[in-house]
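Below is one structure, written out as structure tokens; the observations come after it.
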Amino acid sequence: MSVRIRLALHGCTNRPFYHIVVAPSKFKRDGRHLEQVGSYDPLTNTNNEKLVALNIERIKYWLSVGAQPTIPVYKLLGMAGLLPIHPRMYLEAERTRNAAATKSKSSETESTESEPQPKTA
Amino acid sequence: MANRSWLLKLAVGGLSRASCRYKSTQPPAKSVTDEQVQKLLTRMTGLDLDKVFKTRREPLSQPLYKLVDEHQLKKSQMETVQRARELLKMPPVLPQRKEKGELIQDDTKLAGLEDTNVVFTDISQTESNSSRRIVVREKNGNLRGATWDERDRMCQIYFPALGRQLTLPAMLQGNDLARLLKEQRHKEVLERANIQCEPDSKDYIRVHHMVYDDIDQRGLYDLLRSTRHFGGLLWYLMTRQLLKGILEEMLEKNLMEDAIDLVGLFKLCYPDHELSKNLTKAGKKCVQEFCEHQGWTDLAALASTKIDGGEPRSAQAQ
């Protein structure tokens, strides 16, 4: 058992909201924790942003005494610039870009195929 | 009071009329926080206890009656004056803050990870809002500092200030602002702007300048007299050399000591101006001389009739 920095799911049905908490792994996900050190809202707001609050001072303390962030929290801290970027993030980003590129290419070819081809003599 | 017709319509959205009325002059020799400048501005603001402690709506309570002797009455009166002086302290007058949003890390390999910007706010309790670290990871993967708009919003979300909204209230922009100024509710607008915006923010400065411009054009200086906004108004007019209107109003209202202070403030702010160098007379005659040098013959004539008259300033306002 070790102390983790992880996401605890709060909010309500169809409206997730995460608290970033420090808790030993044996405690329940949304239950007892040692300290809350932030929050993460996975849904975009009216200004087209996702909001993450991080108590940097306390996170640094817990990291210094050996708390392990879970992968989602590690990703958030990486995006914030506190920790290095997780390699999976580069991988996921590349895969998303490739998927988007393939999708746009296939939609282009579909549109050219649907146009009537000129008859060759 | 000469009738002034409200000739210009306020532009919607805040195209500052100050930009077309401003005469570019050299910056003043003294800053607004200078002791002597503050002394003059405080004196000209005045202290009307009836206006400062105007009746306002509060939750009903039992009235409190006290039986006091003369000594205690005098003491409580002095305490009231002291409280009034605190309420009349000028809010800060600052230049507009420079834009933020500098690039921290260029990481385009992360493009596509998120389809929106992600804003990270440091909610450490030991930080103050001005120094709080707020960064944004953009859609293209770059990490940059937050702009002032984003900073204000995040600080308001996580550390809400009393009375402040997340978005700019409608009364501080566009047609609503124009309507309020038409209804002569300048003080309300300024109070709301002071609560809502930081003193060096774009909106604060825009609203204040619009209000001051409107007051100057319509001669409504008395609306702000004996409030904490009068000092800001005077400073605005002084730095833009828009002194004719206010001087005329002071002379018409017999406020000779205020007029003398205004000329004194001009000499303090622009000691190297040819006008300051040519002003040799002291006291009430200085005002007449100032008007003559500026070419305001009607005001000079008015000032000459007031030299022997004029209401003395109240002892409280010293």
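The residues of the stretch B:173-318 have, on average, 40 Å² of accessible surface per residue, using a 1.4 Å probe with all protein chains present.
Distance from the C-alpha centroid of the stretch B:75-118 to that of the stretch B:142-164: 9 Å, rounded to the whole angstrom. Remark: the residue B:252-residue B:68 segment gains 62.2 nm on full extension, using 0.36 nm per residue and subtracting the alpha carbon distance.
How much of the accessible area of chain B, in percent, comes from carbon and sulfur atoms when a 1.4 Å probe is used? If you can, show how the numbers build up before the last one.
Working: 9280 of 17910 Å².
Within chain B, the accessible surface is 52 percent carbon and sulfur.
Here the spin labels are modelled as points 7 Å beyond Cα on the Cα-Cβ line, and at residue A:34 and residue A:3 they lie 0.2 nm apart.
Taking the C-alpha atoms only, the angle from helix B:297-306 to the longest principal axis of chain B is near 60 degrees.
Computed over chain B, the Cα gyration tensor eigenvalues convert (square root of 5λ each) into semi-axes of 42, 27, 19 Å, ordered from largest to smallest. Between residue A:48 and residue B:38, the FRET efficiency estimated from the beta carbon spacing at R0 = 60 angstrom works out to 0.85. Proximity of backbone amide H atoms, modeled 1.01 Å from N, is registered between residue B:104 and B:143, B:144, B:145 at under 5 Å, excluding neighbours fewer than 5 places apart on the same chain.
Mind checking the stretch B:24-110 for GluC sites (Glu not before Pro) that DSSP puts in a loop (not H, G, I, E or B) and that have at most 10 other Cβ atoms within 10 Å?
Working: sites: B:35, B:70, B:79, B:86, B:99, B:102; in loops: B:99, B:102.
Those that pass, being in a loop and sparsely packed, are B:99, B:102.
Taken across both chains, chains A and B shield about 2300 Å² of accessible surface from a 1.4 Å probe.
Against the main long axis of the alpha-carbon atoms of chain B, helix B:256-269 sits at an angle near 50°. Neighbours of residue B:66 by Cβ distance under 15 Å: Lys/Arg scored +1, Asp/Glu scored -1, total -1. In the frame of its principal axes, chain A has Cα extents of 79, 32, 28 Å, reported largest first. For chain A, the tally of Lys pairs with Cα-Cα distances below 28 Å comes to 11, considering only residues 8 or more apart or on different chains. Taking a straight Cα-Cα cut-off under 16 Å and skipping sequence neighbours fewer than 8 places away in the same chain, the aspartates and glutamates within cross-link reach of residue B:98 are B:149, B:150, B:152, B:198, B:200, B:203.
Compared with the direct C-alpha span, the chain from residue B:170 to residue B:158 gains 2.0 nm at full extension, assuming 0.36 nm per residue.
Residues whose amide H falls under 5 Å from that of residue A:68, counting only those 5 or more places apart or on a different chain, are A:3, A:4, A:5, with hydrogens built in the peptide plane. Along each principal axis, taking the top coordinate minus the bottom one, the Cα set of the protein assembly as shown gives 98, 84, 43 Å in descending order. With a threshold of 28 Å on the Cα-Cα distance, the over-threshold entries among B:39/B:187; B:75/B:284; B:182/B:306 are B:75/B:284; B:182/B:306. Entry for the stretch B:204-277 at q = 0.14 Å⁻¹: log10 I(q)/I(0) = -0.43, Debye formula applied to identical alpha-carbon scatterers, no solvent contribution. Give the angle, between 0 and 90 degrees and rounded to the nearest 10, that separates the Cα long axis of helix B:202-218 from the longest principal axis of the Cα atoms of chain B. It is inclined by approximately 30 degrees. All other residues with a Cβ under 11 Å from the Cβ of residue B:267 taken together, and with Lys, Arg as +1 and Asp, Glu as -1, what is their net charge? Computed value for this residue: 0.
In the context of the full set of protein chains, residues of chain A present 63 Å² of accessible surface per residue (probe radius 1.4 Å, heavy atoms only).
First measure r as the distance between the Cβ atoms of residue A:108 and residue A:14, then evaluate 1/(1 + (r/R0)^6) with R0 = 30 Å and state the FRET efficiency to the nearest 0.05.
0.25
The values are calculated or read from the model by the stated rules, or taken from the named source; none is laboratory data. Just so it is clear, the model here is predicted, and its values are computed rather than measured. Here Cβ is always computed from backbone atoms with ideal geometry, including for glycine, and neighbour counts include all displayed protein chains. Heavy atoms of the whole protein, side chains included, go into the accessibility calculation; ligands, DNA and RNA do not. Shrake-Rupley method; radii C 1.70, N 1.55, O 1.52, S 1.80 Å.
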